[in-house]
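In what follows, a structure is listed as structure tokens, so that the remarks can point back to it.
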Amino acid sequence: MTDRQRASGEASTALWHRYRFVRWLAVLAYTGVVFGLCAVVWHWARGKSWDDSFSFALTVTVSAVVGQWIAAVILRRAGRGDD
């Protein structure tokens with residue numbers, strides 16, 4: 001590995017750590033929007049109680065977020081020749 005490649009790798013790692021907090025805020029915002037939208041739509045469109053709406057929203061939110069995390073892990077672990 002050349003010095004230029006090593007410096008580039010160190011810069012990208014530093015950049016990732018710098019924006020780690022912002023990335024977590026984006027995940028929390030996405031989670032909140034999905035949860036809120038699901039709860040409100042389930043309550044108004046289906047006429048269900050808020051308890052049912054929150055349970056449905058929690059199920060959808062966990063499925064959406066965990067599904068994205070699992071997909072990211074699978075892509076990270078894929079080898080060079082895996083397509």
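The values are calculated or read from the model by the stated rules, or taken from the named source; none is laboratory data. All figures in this text were calculated on a predicted structure; none of them were measured in a lab. Neighbour counts are summed over all protein chains in view; Cβ atoms, including those assigned to glycine, are modelled from backbone coordinates with ideal geometry. The area values use the complete protein model at the heavy-atom level, side chains included, leaving out ligands, DNA and RNA. Shrake-Rupley method; radii C 1.70, N 1.55, O 1.52, S 1.80 Å.
Here are the numbers:
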{"read-out": "Residue 78 under 20 Å from the mean Cα position of the chain (by Cα) and modelled with pLDDT under 90", "value": "yes"}
{"read-out": "Residue in the range 48-67 that is outside any helix (DSSP H, G or I), free of Cβ contacts under 8 Å to residues at least 60 places away in the same chain and surrounded by 14 or more Cβ atoms within 10 Å (Cβ to Cβ) present", "value": "yes"}
{"read-out": "Test result for residue 39, under 13 Å from the mean Cα position of the chain (by Cα) and surrounded by 10 or more Cβ atoms within 10 Å (Cβ to Cβ)", "value": "no"}
{"read-out": "Checking residue 19 against (1) at pLDDT 85 or above; (2) open to solvent by 50 Å² or more (accessible area, probe 1.4 Å), the condition it does not meet", "value": "(1)"}
